[in-house]
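Structure first, then comments.
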Amino acid sequence: MRVLVVGAGEVGFHLAQRLSEEHQDVVIIEGDPERAEMAAQHLDVQTIVGNGASISVLEQASVRSAQMILAVTSADEVNLIACLAAKKLGVPYTVARISNPDYYESDSVLSSDQVGIDLMVNPERECAREAFQLLQSAAFTEVAEFAGGQVQLVGLKVLDGAPVAGKSIRELRSQFLPGGYHYVTAAIVRDGDTIIPKAETTIEAGDRIYLLAPSSEIDQVPPLAGYDRFELRRVMIAGGSLEGQYIAELLEQHGIECTILDRDRRRCLELAEQLPKSLVLHADATDLELLEMEGVSGSDGFVSSTGSDETNLLSSLLAKQAGARKVLSLVHKFQYLSLVPAVGVDSSLSPRMSTVNAILRRVRRGRVMTVATLSGIEAEAIEFVVRKESRIAGQALRDVDFPKNGVVGTILRGDEIILPRGDDVLHAGDDVIVFAMPDAVPAVEALFD
(Lines give C-alpha, C1' and ligand atoms only; values in the text may rest on other atoms or scores of the structure.)
Protein backbone atom coordinates (compact mmCIF):
# COMPACT_ATOMS: atom_id res chain seq x y z
CA MET A 1 0.00 0.00 0.00
CA ARG A 2 1.29 3.45 -0.96
CA VAL A 3 0.95 5.98 1.87
CA LEU A 4 1.79 9.69 1.79
CA VAL A 5 2.82 11.16 5.15
CA VAL A 6 2.70 14.95 5.25
CA GLY A 7 4.99 16.20 8.02
CA ALA A 8 8.18 14.62 9.38
CA GLY A 9 7.81 15.83 12.95
CA GLU A 10 7.66 13.28 15.74
CA VAL A 11 4.19 12.02 14.78
CA GLY A 12 4.99 11.79 11.06
CA PHE A 13 8.41 10.25 11.67
CA HIS A 14 6.98 7.62 14.03
CA LEU A 15 4.16 6.75 11.64
CA ALA A 16 6.54 6.47 8.69
CA GLN A 17 8.91 4.31 10.74
CA ARG A 18 6.14 1.91 11.74
CA LEU A 19 4.76 1.66 8.22
CA SER A 20 8.16 1.21 6.56
CA GLU A 21 9.02 -1.57 9.03
CA GLU A 22 5.88 -3.30 7.82
CA HIS A 23 7.03 -2.96 4.20
CA GLN A 24 4.49 -0.32 3.17
CA ASP A 25 5.44 2.06 0.34
CA VAL A 26 5.87 5.33 2.28
CA VAL A 27 6.52 8.82 0.93
CA ILE A 28 7.21 11.68 3.37
CA ILE A 29 6.52 15.29 2.36
CA GLU A 30 8.26 17.80 4.65
CA GLY A 31 8.86 21.52 4.25
CA ASP A 32 11.95 21.62 6.47
CA PRO A 33 14.98 20.31 4.52
CA GLU A 34 16.80 19.22 7.70
CA ARG A 35 13.85 17.15 8.93
CA ALA A 36 13.40 15.63 5.49
CA GLU A 37 17.08 14.71 5.38
CA MET A 38 16.91 13.11 8.84
CA ALA A 39 13.94 10.98 7.75
CA ALA A 40 15.75 9.97 4.57
CA GLN A 41 18.84 8.90 6.52
CA HIS A 42 17.04 6.91 9.21
CA LEU A 43 14.03 5.43 7.41
CA ASP A 44 13.48 3.29 4.34
CA VAL A 45 11.16 5.86 2.75
CA GLN A 46 11.09 8.35 -0.11
CA THR A 47 11.28 11.98 1.01
CA ILE A 48 10.19 15.11 -0.82
CA VAL A 49 10.97 18.63 0.39
CA GLY A 50 7.99 20.89 -0.04
CA ASN A 51 4.60 22.07 1.20
CA GLY A 52 2.20 19.16 1.59
CA ALA A 53 -0.73 21.44 0.80
CA SER A 54 0.72 22.25 -2.64
CA ILE A 55 -0.84 20.49 -5.62
CA SER A 56 2.48 20.41 -7.48
CA VAL A 57 4.26 18.83 -4.52
CA LEU A 58 1.51 16.23 -4.14
CA GLU A 59 1.79 15.45 -7.84
CA GLN A 60 5.55 15.07 -7.40
CA ALA A 61 4.80 12.47 -4.73
CA SER A 62 2.58 10.55 -7.22
CA VAL A 63 -0.49 11.27 -5.13
CA ARG A 64 -2.85 9.72 -7.70
CA SER A 65 -1.38 6.26 -7.03
CA ALA A 66 -1.58 6.56 -3.22
CA GLN A 67 -4.17 4.64 -1.22
CA MET A 68 -3.93 6.91 1.81
CA ILE A 69 -2.64 10.30 2.95
CA LEU A 70 -1.77 11.04 6.58
CA ALA A 71 -1.49 14.81 7.07
CA VAL A 72 0.07 15.20 10.52
CA THR A 73 1.94 18.52 10.58
CA SER A 74 1.48 20.85 13.55
CA ALA A 75 -0.52 23.23 11.32
CA ASP A 76 -4.21 22.32 11.10
CA GLU A 77 -4.72 24.37 7.96
CA VAL A 78 -1.95 22.58 6.06
CA ASN A 79 -3.41 19.22 7.09
CA LEU A 80 -6.90 20.20 5.99
CA ILE A 81 -5.82 21.51 2.59
CA ALA A 82 -3.52 18.55 1.95
CA CYS A 83 -6.37 16.11 2.61
CA LEU A 84 -8.92 18.08 0.56
CA ALA A 85 -6.51 18.29 -2.38
CA ALA A 86 -5.58 14.60 -2.13
CA LYS A 87 -9.24 13.58 -2.06
CA LYS A 88 -9.89 15.61 -5.22
CA LEU A 89 -6.89 13.89 -6.83
CA GLY A 90 -8.34 10.45 -6.13
CA VAL A 91 -6.81 9.30 -2.82
CA PRO A 92 -9.37 6.89 -1.29
CA TYR A 93 -8.63 7.54 2.40
CA THR A 94 -7.57 10.82 4.00
CA VAL A 95 -6.52 11.42 7.62
CA ALA A 96 -5.89 14.85 9.17
CA ARG A 97 -4.41 15.72 12.55
CA ILE A 98 -6.57 18.58 13.87
CA SER A 99 -6.29 20.43 17.21
CA ASN A 100 -8.53 23.49 16.72
CA PRO A 101 -12.08 22.69 17.96
CA ASP A 102 -13.47 25.03 15.29
CA TYR A 103 -12.42 22.48 12.69
CA TYR A 104 -13.56 19.18 14.17
CA GLU A 105 -16.69 19.81 16.27
CA SER A 106 -19.69 18.05 14.72
CA ASP A 107 -21.58 21.33 14.15
CA SER A 108 -18.62 23.00 12.38
CA VAL A 109 -18.84 23.75 8.65
CA LEU A 110 -15.31 22.30 8.46
CA SER A 111 -16.07 19.03 10.29
CA SER A 112 -15.05 15.76 8.64
CA ASP A 113 -18.63 15.07 7.53
CA GLN A 114 -18.93 18.48 5.91
CA VAL A 115 -15.64 18.58 3.99
CA GLY A 116 -15.26 14.88 3.15
CA ILE A 117 -12.12 14.06 5.12
CA ASP A 118 -12.37 10.45 6.24
CA LEU A 119 -10.80 10.85 9.67
CA MET A 120 -9.89 13.83 11.83
CA VAL A 121 -7.74 12.93 14.83
CA ASN A 122 -7.63 15.36 17.75
CA PRO A 123 -4.49 14.69 19.83
CA GLU A 124 -5.73 16.46 22.94
CA ARG A 125 -9.01 14.55 23.16
CA GLU A 126 -7.33 11.22 22.42
CA CYS A 127 -4.86 11.95 25.21
CA ALA A 128 -7.63 12.93 27.66
CA ARG A 129 -9.50 9.67 27.06
CA GLU A 130 -6.30 7.73 27.69
CA ALA A 131 -5.64 9.69 30.90
CA PHE A 132 -9.11 8.97 32.23
CA GLN A 133 -8.62 5.25 31.63
CA LEU A 134 -5.26 5.28 33.41
CA LEU A 135 -6.67 7.13 36.41
CA GLN A 136 -9.09 4.28 37.06
CA SER A 137 -6.34 2.15 38.61
CA ALA A 138 -3.29 2.83 40.75
CA ALA A 139 -1.49 -0.01 39.00
CA PHE A 140 -1.94 0.50 35.26
CA THR A 141 0.72 2.40 33.34
CA GLU A 142 -0.98 1.89 29.96
CA VAL A 143 -4.48 0.95 28.86
CA ALA A 144 -5.94 0.14 25.43
CA GLU A 145 -9.41 -1.11 24.53
CA PHE A 146 -10.41 -3.75 21.99
CA ALA A 147 -13.60 -5.32 20.68
CA GLY A 148 -15.62 -2.17 21.31
CA GLY A 149 -14.47 -2.04 24.93
CA GLN A 150 -15.09 -5.72 25.82
CA VAL A 151 -11.37 -6.46 26.24
CA GLN A 152 -8.58 -4.29 27.67
CA LEU A 153 -4.83 -4.47 27.32
CA VAL A 154 -3.13 -3.11 30.44
CA GLY A 155 0.50 -2.58 31.41
CA LEU A 156 1.67 -2.66 35.03
CA LYS A 157 4.82 -3.23 37.08
CA VAL A 158 5.15 -6.39 39.18
CA LEU A 159 5.84 -5.49 42.82
CA ASP A 160 8.02 -7.46 45.25
CA GLY A 161 6.03 -10.28 46.82
CA ALA A 162 3.32 -10.21 44.15
CA PRO A 163 1.43 -13.51 43.62
CA VAL A 164 2.75 -13.78 40.04
CA ALA A 165 6.41 -13.01 40.87
CA GLY A 166 8.80 -15.93 40.42
CA LYS A 167 6.28 -18.08 38.54
CA SER A 168 6.35 -19.27 34.95
CA ILE A 169 3.47 -18.71 32.54
CA ARG A 170 2.70 -22.44 32.73
CA GLU A 171 2.51 -22.30 36.55
CA LEU A 172 0.27 -19.25 36.45
CA ARG A 173 -2.13 -20.96 34.07
CA SER A 174 -2.52 -23.91 36.39
CA GLN A 175 -2.66 -21.80 39.58
CA PHE A 176 -4.89 -18.85 38.67
CA LEU A 177 -6.89 -19.51 35.52
CA PRO A 178 -8.88 -22.50 36.88
CA GLY A 179 -9.87 -20.33 39.87
CA GLY A 180 -11.75 -17.78 37.80
CA TYR A 181 -9.01 -15.44 36.57
CA HIS A 182 -9.28 -14.74 32.85
CA TYR A 183 -6.20 -13.05 31.44
CA VAL A 184 -3.36 -13.63 28.99
CA THR A 185 0.20 -12.37 29.47
CA ALA A 186 0.93 -10.78 26.09
CA ALA A 187 4.38 -9.31 26.72
CA ILE A 188 7.02 -8.67 29.37
CA VAL A 189 9.46 -5.74 29.44
CA ARG A 190 12.64 -6.48 31.40
CA ASP A 191 15.66 -4.14 31.46
CA GLY A 192 14.27 -2.32 28.43
CA ASP A 193 13.88 -5.48 26.32
CA THR A 194 10.48 -6.70 25.13
CA ILE A 195 9.81 -10.44 25.57
CA ILE A 196 6.91 -12.27 23.92
CA PRO A 197 6.47 -14.94 26.62
CA LYS A 198 6.32 -18.69 26.16
CA ALA A 199 5.01 -21.29 28.63
CA GLU A 200 8.42 -21.60 30.34
CA THR A 201 8.99 -17.81 30.66
CA THR A 202 9.17 -16.67 34.30
CA ILE A 203 7.76 -13.35 35.55
CA GLU A 204 10.06 -11.52 37.96
CA ALA A 205 9.50 -8.67 40.43
CA GLY A 206 10.29 -5.40 38.66
CA ASP A 207 9.05 -6.62 35.28
CA ARG A 208 6.49 -4.56 33.38
CA ILE A 209 3.88 -6.98 32.14
CA TYR A 210 1.14 -6.47 29.56
CA LEU A 211 -2.05 -8.43 30.08
CA LEU A 212 -5.23 -8.92 28.04
CA ALA A 213 -8.39 -9.42 30.08
CA PRO A 214 -12.16 -8.93 29.78
CA SER A 215 -13.06 -5.36 30.77
CA SER A 216 -15.60 -6.68 33.28
CA GLU A 217 -12.80 -8.48 35.15
CA ILE A 218 -9.96 -5.97 34.74
CA ASP A 219 -10.15 -4.97 38.42
CA GLN A 220 -8.94 -8.48 39.35
CA VAL A 221 -5.58 -7.90 37.66
CA PRO A 222 -3.83 -5.37 40.02
CA PRO A 223 -3.89 -7.65 43.11
CA LEU A 224 -2.07 -10.34 41.11
CA ALA A 225 0.82 -7.88 40.62
CA GLY A 226 0.79 -6.86 44.30
CA TYR A 227 -1.51 -3.79 44.32
CA ASP A 228 -4.35 -2.88 46.69
CA ARG A 229 -7.89 -2.09 45.55
CA PHE A 230 -8.43 1.48 44.30
CA GLU A 231 -11.35 3.89 43.95
CA LEU A 232 -11.00 7.20 42.09
CA ARG A 233 -12.72 10.04 43.96
CA ARG A 234 -10.47 13.12 43.82
CA VAL A 235 -8.05 14.30 41.11
CA MET A 236 -5.74 17.33 40.87
CA ILE A 237 -4.68 18.64 37.43
CA ALA A 238 -1.63 20.89 37.02
CA GLY A 239 -1.94 22.99 33.88
CA GLY A 240 -4.95 24.36 32.07
CA SER A 241 -3.93 23.07 28.63
CA LEU A 242 -6.55 21.64 26.28
CA GLU A 243 -5.58 18.17 27.52
CA GLY A 244 -6.12 19.29 31.11
CA GLN A 245 -9.47 20.84 30.23
CA TYR A 246 -10.70 17.73 28.43
CA ILE A 247 -9.58 15.47 31.31
CA ALA A 248 -11.50 17.69 33.73
CA GLU A 249 -14.60 17.47 31.52
CA LEU A 250 -14.46 13.67 31.65
CA LEU A 251 -13.99 13.73 35.44
CA GLU A 252 -16.98 16.04 35.84
CA GLN A 253 -19.12 13.75 33.69
CA HIS A 254 -18.33 10.86 36.04
CA GLY A 255 -18.87 12.78 39.26
CA ILE A 256 -15.21 12.85 40.31
CA GLU A 257 -13.98 15.83 42.32
CA CYS A 258 -11.46 17.87 40.31
CA THR A 259 -9.06 20.73 41.10
CA ILE A 260 -7.11 22.55 38.35
CA LEU A 261 -4.01 24.69 38.92
CA ASP A 262 -2.73 27.12 36.28
CA ARG A 263 -0.28 30.07 36.32
CA ASP A 264 -2.22 32.11 33.74
CA ARG A 265 -4.99 34.15 35.40
CA ARG A 266 -6.87 34.66 32.13
CA ARG A 267 -6.84 30.94 31.39
CA CYS A 268 -8.14 30.28 34.92
CA LEU A 269 -11.13 32.54 34.26
CA GLU A 270 -11.85 30.68 30.99
CA LEU A 271 -11.64 27.30 32.70
CA ALA A 272 -13.88 28.42 35.58
CA GLU A 273 -16.59 29.29 33.05
CA GLN A 274 -16.24 26.05 31.10
CA LEU A 275 -15.90 23.71 34.11
CA PRO A 276 -18.65 24.61 36.58
CA LYS A 277 -18.12 21.53 38.79
CA SER A 278 -14.34 21.90 39.12
CA LEU A 279 -12.28 24.09 41.45
CA VAL A 280 -9.91 26.29 39.40
CA LEU A 281 -6.96 27.90 41.21
CA HIS A 282 -4.50 30.52 39.97
CA ALA A 283 -1.33 28.80 41.22
CA ASP A 284 2.07 27.35 40.32
CA ALA A 285 2.06 23.54 40.31
CA THR A 286 5.82 23.39 40.96
CA ASP A 287 5.33 25.03 44.40
CA LEU A 288 5.50 22.07 46.82
CA GLU A 289 4.17 24.09 49.75
CA LEU A 290 1.14 25.12 47.72
CA LEU A 291 0.51 21.55 46.53
CA GLU A 292 0.55 20.34 50.11
CA MET A 293 -1.72 23.19 51.22
CA GLU A 294 -4.26 22.29 48.51
CA GLY A 295 -4.33 18.68 49.67
CA VAL A 296 -2.36 16.85 46.98
CA SER A 297 -1.48 14.17 49.54
CA GLY A 298 -5.16 13.22 49.76
CA SER A 299 -5.72 13.02 46.01
CA ASP A 300 -6.30 9.70 44.30
CA GLY A 301 -4.86 11.05 41.04
CA PHE A 302 -2.55 13.85 39.90
CA VAL A 303 -2.12 14.82 36.23
CA SER A 304 0.54 17.28 35.11
CA SER A 305 -0.58 18.73 31.78
CA THR A 306 1.24 22.02 31.18
CA GLY A 307 2.85 22.82 27.84
CA SER A 308 6.35 22.11 29.19
CA ASP A 309 7.64 18.54 29.56
CA GLU A 310 10.20 19.65 32.11
CA THR A 311 7.57 21.40 34.25
CA ASN A 312 5.31 18.36 33.99
CA LEU A 313 8.02 15.98 35.18
CA LEU A 314 9.00 18.28 38.05
CA SER A 315 5.45 18.85 39.31
CA SER A 316 4.72 15.12 38.97
CA LEU A 317 7.74 14.25 41.10
CA LEU A 318 6.68 16.81 43.71
CA ALA A 319 3.14 15.41 43.78
CA LYS A 320 4.46 11.87 44.14
CA GLN A 321 6.74 12.98 46.97
CA ALA A 322 3.82 14.73 48.67
CA GLY A 323 1.72 11.55 48.63
CA ALA A 324 -0.52 11.59 45.53
CA ARG A 325 -1.56 8.01 44.89
CA LYS A 326 -1.49 7.87 41.06
CA VAL A 327 0.62 10.40 39.13
CA LEU A 328 0.48 10.96 35.36
CA SER A 329 2.77 13.26 33.39
CA LEU A 330 2.07 14.71 29.96
CA VAL A 331 5.08 14.20 27.67
CA HIS A 332 5.27 15.79 24.22
CA LYS A 333 8.74 14.63 23.19
CA PHE A 334 9.02 10.94 22.35
CA GLN A 335 12.56 10.74 23.71
CA TYR A 336 11.29 11.70 27.19
CA LEU A 337 8.81 8.81 27.41
CA SER A 338 11.45 6.38 28.69
CA LEU A 339 12.37 8.84 31.47
CA VAL A 340 8.98 8.72 33.14
CA PRO A 341 9.21 5.29 34.82
CA ALA A 342 12.93 5.84 35.49
CA VAL A 343 12.32 8.93 37.63
CA GLY A 344 9.43 7.40 39.58
CA VAL A 345 6.35 8.86 37.87
CA ASP A 346 3.59 6.26 37.47
CA SER A 347 2.57 6.83 33.84
CA SER A 348 3.20 9.05 30.85
CA LEU A 349 0.65 10.64 28.53
CA SER A 350 1.67 11.52 25.01
CA PRO A 351 -0.74 13.39 22.73
CA ARG A 352 1.55 12.51 19.85
CA MET A 353 1.57 8.80 20.69
CA SER A 354 -2.21 8.93 21.11
CA THR A 355 -2.39 10.42 17.61
CA VAL A 356 -0.15 7.68 16.22
CA ASN A 357 -2.37 5.02 17.81
CA ALA A 358 -5.57 6.57 16.47
CA ILE A 359 -4.14 6.73 12.94
CA LEU A 360 -2.56 3.27 12.90
CA ARG A 361 -5.99 1.79 13.63
CA ARG A 362 -7.05 2.93 10.16
CA VAL A 363 -3.88 2.34 8.16
CA ARG A 364 -4.12 -1.42 7.80
CA ARG A 365 -6.55 -3.08 5.48
CA GLY A 366 -10.19 -3.86 6.31
CA ARG A 367 -9.53 -7.02 8.33
CA VAL A 368 -7.84 -4.93 11.04
CA MET A 369 -10.23 -3.58 13.68
CA THR A 370 -7.95 -1.88 16.23
CA VAL A 371 -4.24 -1.21 16.73
CA ALA A 372 -2.53 -0.12 19.94
CA THR A 373 1.07 1.12 20.07
CA LEU A 374 2.29 1.59 23.64
CA SER A 375 5.07 3.81 24.96
CA GLY A 376 8.15 2.08 26.31
CA ILE A 377 7.52 -1.18 24.45
CA GLU A 378 8.44 -2.26 20.95
CA ALA A 379 5.49 -4.58 20.31
CA GLU A 380 1.98 -3.56 19.34
CA ALA A 381 -1.44 -5.14 19.74
CA ILE A 382 -3.60 -5.65 16.67
CA GLU A 383 -7.21 -6.84 16.50
CA PHE A 384 -7.97 -8.84 13.33
CA VAL A 385 -11.24 -10.21 12.04
CA VAL A 386 -10.97 -13.72 10.55
CA ARG A 387 -12.43 -14.08 7.04
CA LYS A 388 -13.45 -17.30 5.28
CA GLU A 389 -10.53 -16.93 2.90
CA SER A 390 -7.99 -16.18 5.67
CA ARG A 391 -5.10 -18.68 5.76
CA ILE A 392 -5.56 -19.08 9.50
CA ALA A 393 -9.30 -19.91 9.30
CA GLY A 394 -10.26 -23.49 10.19
CA GLN A 395 -6.87 -24.36 11.66
CA ALA A 396 -5.98 -25.30 15.21
CA LEU A 397 -3.51 -22.75 16.61
CA ARG A 398 -0.88 -25.42 17.26
CA ASP A 399 -0.86 -26.21 13.53
CA VAL A 400 -0.37 -22.58 12.46
CA ASP A 401 3.14 -21.45 11.53
CA PHE A 402 2.86 -18.39 13.78
CA PRO A 403 5.86 -15.99 13.98
CA LYS A 404 7.96 -16.51 17.11
CA ASN A 405 7.76 -12.79 17.89
CA GLY A 406 3.98 -12.84 17.96
CA VAL A 407 1.28 -14.40 20.11
CA VAL A 408 -2.50 -14.79 19.89
CA GLY A 409 -3.80 -13.11 23.02
CA THR A 410 -7.58 -13.44 22.89
CA ILE A 411 -10.30 -14.80 20.62
CA LEU A 412 -13.73 -13.15 20.59
CA ARG A 413 -16.59 -15.23 19.20
CA GLY A 414 -19.86 -13.36 19.52
CA ASP A 415 -20.24 -12.57 23.23
CA GLU A 416 -17.73 -15.27 24.22
CA ILE A 417 -14.17 -14.30 25.17
CA ILE A 418 -11.79 -17.23 24.68
CA LEU A 419 -8.32 -17.50 26.20
CA PRO A 420 -6.49 -19.36 23.39
CA ARG A 421 -4.97 -22.82 23.71
CA GLY A 422 -3.22 -24.94 21.11
CA ASP A 423 -6.33 -26.92 20.15
CA ASP A 424 -8.52 -23.84 19.61
CA VAL A 425 -9.67 -23.42 16.00
CA LEU A 426 -10.31 -19.98 14.48
CA HIS A 427 -13.58 -19.53 12.62
CA ALA A 428 -14.69 -16.92 10.08
CA GLY A 429 -16.10 -13.94 11.94
CA ASP A 430 -13.87 -14.37 15.01
CA ASP A 431 -12.10 -11.29 16.34
CA VAL A 432 -8.52 -12.15 17.26
CA ILE A 433 -6.19 -9.91 19.30
CA VAL A 434 -2.53 -10.49 18.44
CA PHE A 435 0.53 -9.08 20.19
CA ALA A 436 3.55 -8.83 17.89
CA MET A 437 6.94 -7.21 17.43
CA PRO A 438 7.23 -4.94 14.34
CA ASP A 439 9.29 -7.48 12.40
CA ALA A 440 6.55 -10.08 12.88
CA VAL A 441 3.60 -7.90 11.83
CA PRO A 442 3.82 -8.60 8.05
CA ALA A 443 3.84 -12.37 8.65
CA VAL A 444 0.93 -12.08 11.08
CA GLU A 445 -1.03 -9.97 8.60
CA ALA A 446 -0.42 -12.56 5.88
CA LEU A 447 -2.12 -15.24 8.02
CA PHE A 448 -5.30 -13.16 8.10
CA ASP A 449 -5.29 -12.34 4.36
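Hey, if we sort R64, R35, R387 by accessible area with the 1.4 Å probe, largest down, what's the order?
If we order R64, R35, R387 from most to least accessible, we get R64, R35, R387.
Mind grabbing the accessible area of E22 for me, 1.4 Å probe, Å², rounded to tens?
So the heavy atoms of E22 present about 10 Å² to solvent.
Please calculate the 1.4 Å probe accessible area of R170, with all protein chains present, and give it to the nearest 10 Å².
140 Å²
Where does the Debye-calculated log10 I(q)/I(0) of region 162-319 sit at q = 0.15, 0.16, 0.21 Å⁻¹, using only Cα point scatterers of equal weight, no solvent?
-0.87, -0.91, -1.16
Take every DSSP beta bridge with both residues inside the chain and express the antiparallel ones as a percent of the total, to the nearest 5.
50 percent
Search the structure for amide H atoms under 5 Å from the amide H of I260, placed 1.01 Å from N in the peptide plane, and list their residues when 5 or more places away or on another chain.
Amide H neighbours of I260: I237, L279, V280, L281.
Could you work out the Rg to Rh ratio of the chain, with Rh taken as the Kirkwood radius (inverse of the mean 1/r over all Cα pairs)?
0.97
Once the convex hull of the C-alpha atoms of region 199-288 is built, how many Å³ does it hold per residue, rounded to a whole number?
That works out to 151 Å³ per residue.
Most fluctuating residue of A358, A86, A428 in a GNM of the chain with Cα springs under 10 Å: which is it?
A428
Listed here are the pairs K157/K326; K198/K320; K157/K198; K87/K333; K333/K404; K157/K333; which of them are more than 25 Å apart at the Cα?
K198/K320; K87/K333; K333/K404
If you keep only loop residues by DSSP, which chymotrypsin sites (Phe, Trp or Tyr not before Pro) in region 201-251 have at most 14 other Cβ atoms within 10 Å of their Cβ?
none
With θ taken as phi - 60° and the coefficients 6.51, -1.76 and 1.60, list the Karplus ³J(HN,Hα) couplings across region 403-414 in order, rounded to whole Hz; mark glycine and proline as x.
x, 5, 9, x, 8, 7, x, 8, 10, 10, 10, x
Whole-Hz Karplus ³J(HN,Hα) for region 198-213, in order, using 6.51 cos²θ - 1.76 cosθ + 1.60 and θ = phi - 60°, x for Gly and Pro?
3J(HN,Hα) across region 198-213, in whole Hz: 10, 4, 8, 5, 9, 8, 10, 4, x, 5, 9, 10, 10, 10, 9, 8.
Please work out the ratio of the alpha-carbon Rg of region 5-131 to 2.2 N^0.38 Å and round it to two decimals.
Expressed relative to 2.2 N^0.38 Å, the Cα Rg reads 1.02.
The values are calculated or read from the model by the stated rules, or taken from the named source; none is laboratory data. Note that this is a predicted model, so its numbers are computed, not measured. Neighbour counts run over all protein chains shown; Cβ positions are idealised from the backbone, glycine included. Ligands, DNA and RNA are stripped out before the accessible areas are found, and what is left, the full protein with its side chains, is counted by its heavy atoms. Shrake-Rupley method; radii C 1.70, N 1.55, O 1.52, S 1.80 Å.
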